[in-house]
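This structure is in structure tokens; I'll ask about it shortly.
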Amino acid sequence: MKSMEIAKGVYEVGVSDWNIRDFHGYSTGNGSTYNAYLIVDEKIVLIDTVKASFYPQLMENISRIVDPKKIDIVISNHTEMDHSGSIPMVMHRIGPDKPLYCSKMGFKNLSLHFPQKFNYHPVEKGETLNLGKRTLTFMETRMIHWPDSMFTYLNEDRILFSSDAFGQHYAGPERFDDEIDHEVIMPHAEKYFANILLLYAPKIGKLIDQVVEMGLPLDMVCPDHGIIWRKDPSKIINAYVKWCKQEPVKRAVVVYDSMWHSTEKMAEAIVDGFVAEGVPAKPMHLRSCHRSDVITEVMSAAAVVVGSPTLNNGLFPTVSDFLTYMKGLKPKNKIGGAFGSYGWSGEASKLVKTELESMGFQMADENLKVQYVPDAAGIDACHELGAKIGRAVKETVSD
Ligand code: FEO
């Protein structure tokens with residue numbers, strides 16, 4: 001990815017990571033980008049850096065615009081290493097005494113990541129920084145998604161540098177929202193929200209309300225991953241408002257794993273039960289679907305039904321993995337169901353039920369278990385479980 005002027009004197013200087021397919025457990029089929037921004041005014045400012053291994057490309061991109069030594073100030077909006085990994089090398093190159101702006105928590109977190117004593121300037125909420133002709137304002141956005149996260153707003157150009165918020169793990173030829181179909185990019189933005197931000201949805205909702213109340217004009221939203229929103233930034237903001245509310249959609253996901261296809265047969269019969277009630281549903285097998293894709297479906301689905309065969313008196317490992325992942329992200333407003341086949345002890349479906357209850361799911365029925373292979377009566381029971389949860393969905397969610 002080459003540097004590009006995105007507004008007069010404002011450049012995107014980040015890099016594409018075309019080959020990454022696993023971002024700390026999140027499947028990134030389209031790679032990702034680590035965006036960084038350079039503002040050339042009377043003072044020259046670099047906002048965020050890139051993963052350490054991409055430092056040479058970052059320098060190459062900056063060098064096309066200015067000699068990196070001329071950078072006066074570095075701003076770290078967020079400490080996670082995909083954006084801060086190059087800070088030590090950048091500071092070494094531009095002069096280690098140049099100021100490094102960050103939030104107060106950023107100061108703590110950067111100090112815990114890097115042994116060097118940089119010239120830190122922890123900023124207050126709402127503090128401004130004059131660059132000459134233009135001014136930056138720092139906005140505290142704690143826990144979106146790290147304690148140190150902040151936004152930086154370029155007042156005169158109405159550009160919001162939003163760190164991870166509004167991002168997408170997507171690397172492509174497009175750099176702006178008007179260069180890619182909405183239907184192509186929004187699923188990436190939704191998957192990003194579901195996997196990175198869902199846990200903080202209530203905080204994000206409040207922050208967006210505050211920004212809307214401030215009437216902050218936005219001509220461009222520049223996240224640290226993926227495309228920049230310039231045609232209509234309100235589209236991604238409105239999508240965030242919707243996702244933050246976690247209003248359930250009339251849809252069900254049946255998540256499962258299976259050893260000898262019995263739990264699979266149960267899952268498919270449960271799906272048929274939903275469909276018979278007019279509730280769209282789909283089965284998601286946990287060794288065919290990545291957990292990060294499953295959670296994206298879970299985010300908006302009104303019903304989540306989870307099935308596990310019993311293995312060694314417990315849950316099947318992939319189901320344990322998924323339940324742990326989902327529990328951490330705290331999805332809200334779900335109707336739940338639990339099922340699974342077993343051989344002789346049969347603990348798994350009860351364990352699933354207990355876990356879903358601990359996440360606040362409203363369980364529509366007892367856990368359903370079938371010994372060995374479901375017969376016609378077993379399949380009917382599964383169909384009825386899907387239908388029963390489907391009816392509960394229809395009582396809760398309007399079309
Ligand atoms: Fe893209 Fe939280 O780092």
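The values are calculated or read from the model by the stated rules, or taken from the named source; none is laboratory data. The model shown is predicted, which means the values in this text are computed figures rather than measured ones. Cβ placement follows ideal geometry from the backbone for every residue including glycine, while neighbour counts extend to all protein chains displayed.
Residue under question is Ile62, and the condition is that it be β-branched (Val, Ile, Thr), under 28 Å from Asp219 (Cα atoms) and touching an Asp or Glu at 6+ places or on another chain (Cβ under 6 Å); does it hold? Talk me through it step by step, then tell me what you get.
Working: β-branched (Val, Ile, Thr): yes; under 28 Å from Asp219 (Cα atoms): yes; touching an Asp or Glu at 6+ places or on another chain (Cβ under 6 Å): no.
The answer is no for Ile62.
Looking at (1) over 21 Å from Glu12 (Cβ atoms); (2) buried (at least 20 other Cβ atoms within 10 Å of the Cβ); (3) of a type in the set (A, V, I, L, M, F, W, C); (4) touching a helix residue (DSSP H, G or I) at 6+ places or on another chain (Cβ under 8 Å), find the lone condition where Leu207 falls short.
The failed condition is (4).
With the checklist (1) crowded, with 16+ Cβ neighbours inside 10 Å; (2) in contact with a helix residue (DSSP H, G or I) (Cβ under 9 Å, 6 or more places away or on another chain) in hand, flag the one item Ile75 doesn't pass.
Ile75 satisfies every listed condition except (2).
Evaluate region 206-222: report whether one residue or more is at pLDDT 95 or above and within 16 Å of the ligand (Cβ to nearest atom).
Among the residues of region 206-222, at least one is at pLDDT 95 or above and within 16 Å of the ligand (Cβ to nearest atom), which makes the answer yes.
So that you can scan it fast, the table gives a plain yes or no per residue for (1) within 16 Å of the ligand (Cβ to nearest atom); (2) closer than 21 Å to Glu156 by Cα; (3) among the charged types (D, E, K, R):
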{"position": "Asn19", "(1), (2), (3)": "no, no, no"}
{"position": "Ala36", "(1), (2), (3)": "yes, yes, no"}
{"position": "Ile39", "(1), (2), (3)": "no, yes, no"}
{"position": "Ser53", "(1), (2), (3)": "yes, no, no"}
{"position": "Ile62", "(1), (2), (3)": "no, no, no"}
{"position": "Lys69", "(1), (2), (3)": "no, no, yes"}
{"position": "Ile75", "(1), (2), (3)": "yes, yes, no"}
{"position": "His78", "(1), (2), (3)": "yes, no, no"}
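Asp365 passes all but one of (1) closer than 20 Å to Glu190 by Cβ; (2) modelled with pLDDT under 95; which number fails?
Here Asp365 meets the rest and fails (1).
Can you work out which of the residues in region 131-185 that are touching a Lys or Arg at 6+ places or on another chain (Cβ under 6 Å) and within 20 Å of Lys235 (Cβ to Cβ) is farthest from the ligand (Cβ to nearest atom)?
Asp178
Kindly list, by first and then second residue, each pair from a residue in region 297-311 that is surrounded by fewer than 24 Cβ atoms within 10 Å (Cβ to Cβ) to a residue that is of a type in the set (A, V, I, L, M) and modelled with pLDDT under 95, limited to pairs with Cβ atoms under 7 Å and residues at least 6 apart or on different chains.
From residues that are surrounded by fewer than 24 Cβ atoms within 10 Å (Cβ to Cβ), the pairs are Ala302/Val397.
Of Leu323, Leu351, which residue is in contact with a Gly (Cβ under 7 Å, 6 or more places away or on another chain), of a type in the set (A, V, I, L, M, F, W, C) and modelled with pLDDT of 95 or more?
Testing whether each residue is in contact with a Gly (Cβ under 7 Å, 6 or more places away or on another chain), of a type in the set (A, V, I, L, M, F, W, C) and modelled with pLDDT of 95 or more leaves just Leu351.
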